[in-house]
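All remarks here apply to the structure that follows.
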Amino acid sequence: MRKLLLLFILSLPFFSCDLGEPPAGNFWEGRKVQVYFTDPGYNAKSAVDAKIQDKIKMLVDSAKESVDLCIMGFSEPTIFSAIYSAWKRGVTVRFVGDFGYLDTAEYQTLIALGIQFRVGNKNKIMHDKYIIVDKRYVVCGSPNFTGTDLLRSYNNVLFIDSPQMAAYYQSDFETMLVKGLFGTDKTDHFFPGFTNNVFHLTNADNSVTAISVHFSPYYGVDASETTRMDKIFMNLIDTARERIYFAIYAFTHADIANKMISAAKLNNVLVYGVFDKSWHTGNNASTHQLFIDEIGNTPNIFVKYDGNNNHVIGNTLSGEKCHNKFMVIDPGTTNGVVLTGSMNFSKAAAYNGNDENYLIIRDPFIVNLYAAAFEKIYAVGTHPTKDLGGDAMLNMREVTINEICWGGAMDYDGYLKADDQFIEVKNNTSHAINISGWFISGITLVQKGRYYVMYIFPEGTVLPPGGFHVLTYSTNYGYTKLKGANTFEHLFFFNSIDHPYIEMWLKDKNGTIVDKAGYFSAGSLAPLHGDVLDNGTPSAYVKSMVRVGTNDGTLIGNWTTCAVNLAVTMNPLYRINTYATPGME
């Protein structure tokens, strides 16, 4: 191991520089905070190296007394060699890292050099990314210090000149390095001055950059609305009046998502977002889907997946990510604010175990920088309903939710039954369509705005040209004559009073929305067509709602109430009081 470490050290690049001198004045350009964004382009050929590693090296090379590093991934050779050079010339170097990276060559090299060192957070991750130089300068942001993050993924880095902020960061650093507190062990163990986290930095032009600094997880799950990081986020979202931009790697916190969606629906705020595309499948995509499901329903929501395809050939893990973790609220207004740092939009990052840091910045100049960076990322992003390999396009509506019977007929014994309820999907094309793995999900007023996957079509489900597929609640009663009828989970049609309040989505196996029925608006569901038994009397009729053509299923005018009685496919017990045409035109 020692021979390998020696070879690793000898392989590091070294550069001549004015060691121990502060960065030149034009580095700061009269401002206390400088922001840089990586520019990976949409592929390797279009990428532009922002040289952030050189800027970090310049700052480390200026160190006279100390360099404190708190970083998860640390393998970028230019930065590592600058750290090694600082140590070699007598600068005090200290390091805090993530337990999961302990065996990496870079971590082991620092240990071999005898640098004061501690790793932690075995249960979650030490996810911080910051450097403190000479108790004056702070470098922080979203990237790990790796070639992947600084060259081939979207990230942002801040350079800050403030002894007060440096001291605040150093308090968090020493909580981990000296006290050995990581993750939830930090909760309620506040360092001295913890609540003095707001800083006002005066620039050369006398403008002021206001920054509040937040570390997690000092405040735990039971913390107040004004202290826990995710709650602070949601409170700021509530202040939005015009626009919200967000660019994010991991977005799994549904409460934050629903806050944004509510801002769009209730306050007419325009919400634009870019997700990292590697999170578009499985349970990790459920929060994305909350936004995607609103496309076409809520005109104020615009989300994309990142368009970055810059990676080492044969290794998609080497980049190709939207690794940013920032939000911009109301750019171009006096209400403008930026939220940025190491924290993904997740509960683990906010309070449940990760070591994280985050900045909330009020400065029109910086807000506009982040807004412009977002707009550049958004411009090359891909629309989620078109570009993820969906089996059918939303605007084509090749397959539609064609008929819904939600009322429940009267059985022969005089009791209201649910067994004749159904959902019918239709192939509107002249070719067969395989809908294996497609699913129906949605919401009803009964479920109080919660989203459910209602039914997944099994492998081998193929709709013939112009054909139908009917899902029933029961195989025992209403539609025993329907070949291939399947049952669905009884979530939507639970209470006859709420039955007409439906919002339902048909999605392909990738989660791409293929069709919608109904419209959830401002906390209530728009009523559709169809009818329920009148006061439970046997003489009344239950009537299905039927699609008119293939037009937008969220509009009430594109549905009608069925006027056909005695559907031949129905069990005779239900024909006497049901108007419906399951499996029929």
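Numerical summary
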read-out	value
Boolean, GLY193 is over 30 Å from ALA372 (Cβ atoms), surrounded by fewer than 15 Cβ atoms within 10 Å (Cβ to Cβ) and of a type outside the set (A, V, I, L, M)	yes
Test: residue in the range 163-182 that is surrounded by fewer than 22 Cβ atoms within 10 Å (Cβ to Cβ) and within 23 Å of TYR272 (Cβ to Cβ)	no
Any hit, the range 123-138, residues being buried (at least 21 other Cβ atoms within 10 Å of the Cβ), within 27 Å of the chain's Cα centre (by Cα), under 25 Å from TYR351 (Cβ atoms) and among the polar types (S, T, N, Q)	no
Residues of the range 332-385 satisfying the condition of being hydrophobic (A, V, I, L, M, F, W, C) and in contact with a Lys or Arg (Cβ under 7 Å, 6 or more places away or on another chain)	VAL337, MET343, ALA348, ALA350
In the range 51-69, the residues that are basic (Lys, Arg) and modelled with pLDDT of 95 or more	LYS55, LYS57, LYS64
Residues within the range 1-40 that are in contact with a Lys or Arg (Cβ under 9 Å, 6 or more places away or on another chain) and modelled with pLDDT of 65 or more, tallied	7
Single unsatisfied condition, VAL48 versus (1) among the β-branched types (Val, Ile, Thr); (2) closer than 29 Å to ALA379 by Cα; (3) surrounded by 17 or more Cβ atoms within 10 Å (Cβ to Cβ)	(3)
Output for the range 92-144, where each listed residue is touching a strand residue (DSSP E or B) at 6+ places or on another chain (Cβ under 7 Å), of a type in the set (A, V, I, L, M, F, W, C) and outside any strand (DSSP E or B)	PHE99, LEU102, LEU110, ILE111, ILE115, ILE125
Only one of PHE190, PHE199 that is assigned by TED's automatic domain parsing to the domain that holds LYS347, of a type in the set (Phe, Trp, Tyr) and either assigned to a loop (DSSP other than H, G, I, E, B) or under 13 Å from ASN354 (Cα atoms) (or both)	PHE190
Counted residues, the range 50-91 - those being in a loop (DSSP other than H, G, I, E, B), touching a residue at least 40 places away in the same chain (Cβ under 8 Å) and out of contact with any strand residue (DSSP E or B) (no Cβ under 8 Å at 6 or more places or on another chain)	2
Qualifying residue in the range 302-309 (condition: modelled with pLDDT under 90, in a loop (DSSP other than H, G, I, E, B) and crowded, with 24+ Cβ neighbours inside 10 Å)	yes
Qualifying residue in the range 268-276 (condition: assigned by TED's automatic domain parsing to the domain that holds PHE302, in contact (Cβ under 8 Å) with a residue 40 or more places away in the chain and over 16 Å from the mean Cα position of the chain (by Cα))	no
Filter result for the condition that a residue is touching a Phe, Trp or Tyr at 6+ places or on another chain (Cβ under 7 Å) and farther than 25 Å from GLY30 by Cα, over TYR107, TYR154, TYR84, TYR130	TYR107
Criterion: at negative phi, buried (at least 21 other Cβ atoms within 10 Å of the Cβ) and modelled with pLDDT of 95 or more - qualifying residue of ILE292, ILE248	ILE248
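The values are calculated or read from the model by the stated rules, or taken from the named source; none is laboratory data. This one's a predicted model, so the numbers in the text were calculated from it and none came from an experiment. Methodologically, a virtual Cβ is constructed for each residue, glycine included, from the backbone with ideal geometry; neighbour enumeration extends over all protein chains shown.
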